[in-house]
Amino acid sequence: MPLQIAKPNSTFNCKAYFLLKENMAASAFNSKSHQHTRSNSLPTRAHPLISKFNDQNSRLRDLEGTSSSSTSNCQKLNGLRDLHDCVDKLLLLPFTQALAQEQCEKLVNEMLDGSLRLLDVCDMARDALLQAKECTRELQSTLRRRPGNKMEISGEIEKYLASRKGVKKEMKVVLKGMKNKFNYKNTEDILIISLLKDLEAATLTGFDSLLTYIAKSKLQSKSSSWSLVSKLVHHKRVACECEETDANEFEMVDEALQSLISHKPSKSHYSLVIDNVQTWLGKLELNIQDLEQVLECLSRRIVKTRVSLLNILNH
């Protein structure tokens, strides 16, 4: 007859009860996985999904120091998607049903509140990317329709830069707010709660990187600005420098447009500079679309994890 465990009747023994359930689940899993084989080594107590989660989370931490480009941000967001998939599978395992105990309800509700905050930040990032894409398309349209109208082009560039300034300001406010909202005082939790907190922290770090990428811009001196205009005449040189440094594409376009209206190129070079600026705008638009797709996938995973938590709570 299988061992029966009495359900906890106080908040104090909820964690002890859950930890015992986890150990029994891990032992049962290891017993099944080794019942047809012989081994002198001791079976591990950690569930394979937990090991997978820790490995994936470690890889994400290794990416934290990488450059802020669309490629690196896509890698981070894809890694977060896989991390959420891993946790969602863990939430479907039988031993996590102990979370349904009334004494654990507060802990689960904390995680649900955290998932809502993550979805809010995700929506803000998507809105910022959408706005940037629309402004990029409008500017590209003007450059195609009126390539020789310097006054109209300058007006559209200033409009684009003003929009970017507003987005940067908003992203900085969001980044500041994220640091204040995502804090937990209790650090000693049952295993699944600890994993959920680690998941939230990793997702927060990924969003921090994305929002910083969108908002990033550095001021240039007049001499360096003029140098960039000169480089725009030689598109291949700028492209090579961008690839070598894995540069922030938003920053490259911002600087190119600011330099263009600050230092007027000669008439012979003007059309060539405009063509190259269009090329960079086109690349930026494609990068934004890639980020939008990855961010949409991650948003669905966050919602899925939230639904799993709600199902457990209402079990």
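The values are calculated or read from the model by the stated rules, or taken from the named source; none is laboratory data. Quantities reported herein were computed from a predicted structural model and do not represent experimental measurements. Note: ideal-geometry Cβ built from the backbone for every residue, glycine included; neighbour counts use all protein chains shown.
Provide a single number: the residues in region 285-315 that are within 23 Å of residue 215 (Cβ to Cβ) and either of a type in the set (Asp, Glu) or touching an Asp or Glu at 6+ places or on another chain (Cβ under 9 Å) (or both).
So the count comes out to 7.
Can you find even one residue in region 40-47 that is over 18 Å from residue 200 (Cβ atoms), of a type in the set (A, V, I, L, M), in a loop (DSSP other than H, G, I, E, B) and modelled with pLDDT under 55? Lay out the reasoning, then the answer.
Filtering region 40-47 down to residues over 18 Å from residue 200 (Cβ atoms) leaves 40-47.
Checking the rest, the ones that are also of a type in the set (A, V, I, L, M) come to 42, 46.
Narrowing further to those that are in a loop (DSSP other than H, G, I, E, B): 42, 46.
So of that shortlist, the ones also modelled with pLDDT under 55 come out as 42.
Checked region 40-47: at least one residue is over 18 Å from residue 200 (Cβ atoms), of a type in the set (A, V, I, L, M), in a loop (DSSP other than H, G, I, E, B) and modelled with pLDDT under 55.
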request  = Among the residues of region 259-315, count how many are assigned to a helix (DSSP H, G or I) and over 29 Å from residue 85 (Cα atoms).
outcome  = 22
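Of everything in region 276-285 that's out of contact with any His (no Cβ under 8 Å at 6 or more places or on another chain) and farther than 13 Å from residue 250 by Cβ, which residue is surrounded by the most Cβ atoms within 10 Å (Cβ to Cβ)?
Step one: filter region 276-285 for residues out of contact with any His (no Cβ under 8 Å at 6 or more places or on another chain), giving 277-278, 280-285.
Then drop every residue that is not farther than 13 Å from residue 250 by Cβ, which leaves 277-278, 282.
Details: 277: 22, 278: 15, 282: 13.
Top of the filtered list is 277.
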message = Residues to consider are 171, 178; find the one that is closer than 26 Å to residue 305 by Cβ, surrounded by 14 or more Cβ atoms within 10 Å (Cβ to Cβ) and at pLDDT below 85.
response = 178
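Do the conditions hold for residue 127, that is, is it surrounded by fewer than 17 Cβ atoms within 10 Å (Cβ to Cβ), more than 15 Å from the chain's Cα centre (by Cα) and free of Cβ contacts under 8 Å to residues at least 12 places away in the same chain? Even if it seems obvious, please write down each step before you answer.
Details: surrounded by fewer than 17 Cβ atoms within 10 Å (Cβ to Cβ): yes; more than 15 Å from the chain's Cα centre (by Cα): no; free of Cβ contacts under 8 Å to residues at least 12 places away in the same chain: yes.
So residue 127 does not fit the description; no.
Being of a type outside the set (Ser, Thr, Tyr), closer than 26 Å to residue 205 by Cβ and at pLDDT 90 or above narrows it down to one residue among 91, 118, 191; which is it? Write out each step before concluding.
Details: 91 fails: at pLDDT 90 or above; 191 fails: at pLDDT 90 or above.
118 is the lone residue from the list that is of a type outside the set (Ser, Thr, Tyr), closer than 26 Å to residue 205 by Cβ and at pLDDT 90 or above.
Considering only region 276-298, state which residues are free of Cβ contacts under 8 Å to residues at least 60 places away in the same chain and not hydrophobic (A, V, I, L, M, F, W, C). Steps first, answer last, please.
We begin by selecting, within region 276-298, every residue free of Cβ contacts under 8 Å to residues at least 60 places away in the same chain; these are 276, 279-280, 283, 286, 293.
Hits for region 276-298 are 276, 279, 283, 293.
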note = For residue 115, the lone unmet condition from (1) without any contact (Cβ under 8 Å) to a residue 24 or more places away in the chain; (2) among the small types (Gly, Ala, Ser); (3) closer than 30 Å to residue 309 by Cα is (1)
Positions within region 192-201 being among the aliphatic types (A, V, I, L, M) and surrounded by fewer than 21 Cβ atoms within 10 Å (Cβ to Cβ), in sequence order = 193, 201
